Amino acid sequence: MHSSAIQQAGRKKNRVAFKSHAAANRKEHARLYDEQDQAYTSMTQPDIWEEGDHHTYGHLLMESVRDVRRYVRQMKYEHPTLVEHAKPFRPPPASHILRFERSITMGERHLPSDRKVLLRVQVAQLGLKGPALRKFVLLAGSRYDPVTDELKMSESRELSSLLNKKRLADTLSSLIAEANKKDDSFADVLLDFKHCDYKPKAKFPLEWLPKVDQK
């Protein structure tokens, strides 16, 4: 027998007579509908206040007590088990010269400040020398600090911190690639470090200190 014929035979065998089924269970359905209507009516009509329950502030106070008890139970039974998943801190190797920083606001989600990422890197560790180093500093502009020899950039245009981190890495790679180009070194453009308001501190002359006779 063909498969389609077998399927049709199975459908005829398992066919349900909905009209006769509805007629036979009409009273039961009507009873269920009446119970649902009564339940909805009782929900829409609040009970009369008989001064036997807490007021709104009392319920809020009990809810806060439940929260405190829940956290206490977590501290007692769940937190000790986290020791099994603890990992020792391992500082990054010296080959990792890029440092990314971000802030997280506890208890809040989707804040614009949480997706902001800050990149710090020592320019001396980038391997640039001569005209390429000068061009890189010129392109970095106010993001370069000549006192600490540090480049600092931030990014918050993307929707997540991971995307902002990748954008910063791509920007740094573009700056390095542009600095290594030899088509124009911008030798006629002077470096301007006015953004770095650094005032050197004068060292106190040691010869001005009073001499103390040690006897």
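The values are calculated or read from the model by the stated rules, or taken from the named source; none is laboratory data. Owing to the predicted nature of the structure, the values given are computational and were not obtained by experimental measurement. Please note: Cβ atoms are built from the backbone with ideal geometry, for glycine as well, and neighbour counts cover all protein chains shown. Please note that ligands, DNA and RNA were not included when accessible areas were found on the heavy atoms of the full protein model with its side chains. Shrake-Rupley method; radii C 1.70, N 1.55, O 1.52, S 1.80 Å.
Would you point out which residue out of Arg11, Arg102 is charged (D, E, K, R) and at pLDDT 65 or above? After ruling out the rest, the residue left standing is Arg102.
Given (1) surrounded by fewer than 10 Cβ atoms within 10 Å (Cβ to Cβ); (2) part of a helix (DSSP H, G or I), identify the lone condition not met by Val72. For Val72, the failing item is (1). The residue pairs whose first member lies in segment 142-155 and is closer than 17 Å to Lys166 by Cβ, whose second member is part of a strand (DSSP E or B), and whose beta carbons are closer than 7 Å, counting only pairs six or more residues apart or on different chains, are Met153/Leu119; Ser154/Val117; Ser154/Leu118; Glu155/Val117. Here Lys165 does not qualify as assigned to a loop (DSSP other than H, G, I, E, B), of a type outside the set (Gly, Ala, Ser) and open to solvent by 50 Å² or more (accessible area, probe 1.4 Å).
Scoring Arg157 on the criteria (1) closer than 21 Å to Phe100 by Cα; (2) of a type in the set (Lys, Arg); (3) not in a loop (DSSP other than H, G, I, E, B) leaves a single failure, condition (3).
Taking segment 168-192 as the search range and keeping residues that are in contact (Cβ under 8 Å) with a residue 60 or more places away in the chain and within 25 Å of His110 (Cα to Cα), which one is surrounded by the fewest Cβ atoms within 10 Å (Cβ to Cβ)?
Ala169
When Val137, Val189, Val121 are checked against the criterion of being of a type in the set (Val, Ile, Thr) and in a helix (DSSP H, G or I), a single residue qualifies: Val137. Every test in (1) aliphatic (A, V, I, L, M); (2) over 30 Å from Ala187 (Cβ atoms); (3) at pLDDT 90 or above is passed by Leu133 save one, and that test is (2). Of all residue pairs spaced 6 or more apart or on separate chains, those with beta-carbon atoms under 8 Å, a first member in segment 115-139 that is aromatic (Phe, Trp, Tyr) and a second member that is open to solvent by less than 50 Å² (accessible area, probe 1.4 Å) are Phe136/Val123; Phe136/Leu126; Phe136/Leu128; Phe136/Leu175; Phe136/Ile176; Phe136/Ala179. Scanning segment 99-118 for residues that are farther than 23 Å from Glu178 by Cα, open to solvent by 70 Å² or more (accessible area, probe 1.4 Å) and not in a helix (DSSP H, G or I) turns up Glu101, Arg102, Ile104, Met106, Gly107, Glu108, Arg109, His110, Lys116.
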